[in-house]
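For reference, the structure discussed in these notes is given below.
Readers should treat all values here as calculations from the given coordinates under stated rules, not as data from a laboratory. Remember, predicted model here, so these are calculated numbers, not experimental data. Glycine also receives a Cβ, built like all others from the backbone with ideal geometry; neighbour counts cover every protein chain displayed.
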């Protein structure tokens, strides 16, 4: 165990030799890697990520968001092979072992007073939204009403199917969903500029705006936004939240070396009570109040 205790949430960071359970390939060089990492699985929360060794010949780890944890001690990671490290990781096969450090980072803070959780994920920012959805469906303490909107400019890393769950206010023909979420009884809709069947032709924020405009004020008062994706998308999500005066949390995507706060290579400017400050995405985040990152 590697417990780092100078911050409370860093006391449950573990280093494990994780067994590769499966590796599924999807179009667009996207992969879902399932690892048996029981300590990480037992302590992960929506928004947590891991720092993973991609290959024995490559000492530098890569940060990957956790998409799902299971009671059997496995974690699912969705990633896109875009560089040497992730392309080496894509070569890992069932039965092999990879070193995993995690779970790392401050998670999302879910507000029971706003049960209409609007979850917006873009590209490899999709995993934390699936993790939140899975958490909410298992939380019986609140009557959660999540709605998930996902965007991608490459084929989605799942087979898009027509949803069996109707969503009031969503345009006719926008029926594509993530099948896993539909199976969980959680409505989801997809957006893209690539003309994919069943998807909204536009940005995730365009579709979210349509949905929000079709809620009455009492319903909008129940909404909180949670999001992860590329920085331009998150900036647009923050603007959307301001437009409707909604609380919004974002999980930032940044390159990082150590992932435990030592190198300060993943810092971002954040507004604090005492003025602007540079915060480390790995341990001060990755989840931040959107208004503090993108302005009030």
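When the Cα centres of segment 15-35 and segment 138-194 are compared, how far apart do they sit, in Å?
Answer, in whole Å: 23.
So what's the back-of-envelope 222 nm ellipticity for the chain, counting only DSSP H runs of four-plus at -39500 (n - 2.57) apiece and dividing by all residues, rounded to 500?
Calculated at 222 nm, the ellipticity per residue is -6000 deg cm²/dmol.
Label points 7 Å out from Cα along the Cβ direction at residue 277 and residue 70: separation in nm?
Here the modelled spin labels are 4.1 nm apart.
Helix 204-213: angle to the longest alpha-carbon principal axis of the chain, degrees 0 to 90, nearest 10?
In the chain, helix 204-213 runs at an angle near 40 degrees to the longest axis.
Can you compute the modelled spin-label distance between residue 93 and residue 291, with each label point 7 Å from Cα toward Cβ, in nm?
Taking the two extended label points, one gets 5.4 nm.
First measure r as the distance between the Cβ atoms of residue 269 and residue 244, then evaluate 1/(1 + (r/R0)^6) with R0 = 25 Å and state the FRET efficiency to the nearest 0.05.
Efficiency, from the Cβ-Cβ distance: 0.50.
Using the 2.2 N^0.38 Å rule of thumb for compact globular proteins, work out how the chain stacks up: its C-alpha Rg over that value, please.
0.96
Could you tell me the ratio Rg/Rh of segment 180-226? Both radii from Cα atoms, Rh via Kirkwood.
Rg divided by Rh gives 1.02.
Quick one: among 165, 13, 52, which has the greatest mean-square fluctuation in a GNM of the chain with alpha-carbon springs under 10 angstrom?
165
Please report 72, 284 as a ranked list, fewest other C-beta atoms within 10 angstrom at the top and most at the bottom.
72, 284
How much length is gained if the chain between residue 222 and residue 172 is pulled fully straight, taking 0.36 nm per residue apart and subtracting their Cα-Cα distance, in nm to one decimal?
That pair, residue 222 and residue 172, stretches by 15.5 nm at full extension.
Can you give the percent of C-alpha pairs in segment 8-104 whose distance is more than 19 Å?
Here the long-distance tail beyond 19 Å is 32 percent of all Cα pairs in segment 8-104.
By count of other Cβ within 10 Å, fewest leading, how are 193, 89 ordered?
Neighbour counts put them in this order, fewest first: 193, 89.
Run the numbers for residue 141 and residue 257: contour at 0.36 nm per residue of separation, minus the present Cα-Cα distance, in nm.
In short, 37.9 nm is gained.
Let me have the relative contact order for segment 116-253, percent, based on Cα pairs under 8 Å that are six or more residues apart.
It comes to 27 percent, rounded to a whole number.
Restricting to Cα pairs below 8 Å that are 6+ residues apart, what does the relative contact order work out to for the chain? Please round to a whole percent.
The normalised contact order for the chain reaches 16 percent.
At 0.36 nm per residue, minus the direct Cα-Cα distance, what do residue 80 and residue 24 gain on full extension? Give it in nm, one decimal, please.
Going from the current span to full extension adds 19.0 nm.
From the gyration tensor of the Cα coordinates in segment 116-253, what semi-axes in whole Å does the equivalent ellipsoid have, largest first, with each one equal to sqrt(5λ)?
Three semi-axes, in Å: 19, 17, 16.
For 182, 245, which order do you get if you count the other beta carbons within 10 Å of each Cβ and list the fewest first?
Fewest-to-most ranking of 182, 245: 245, 182.
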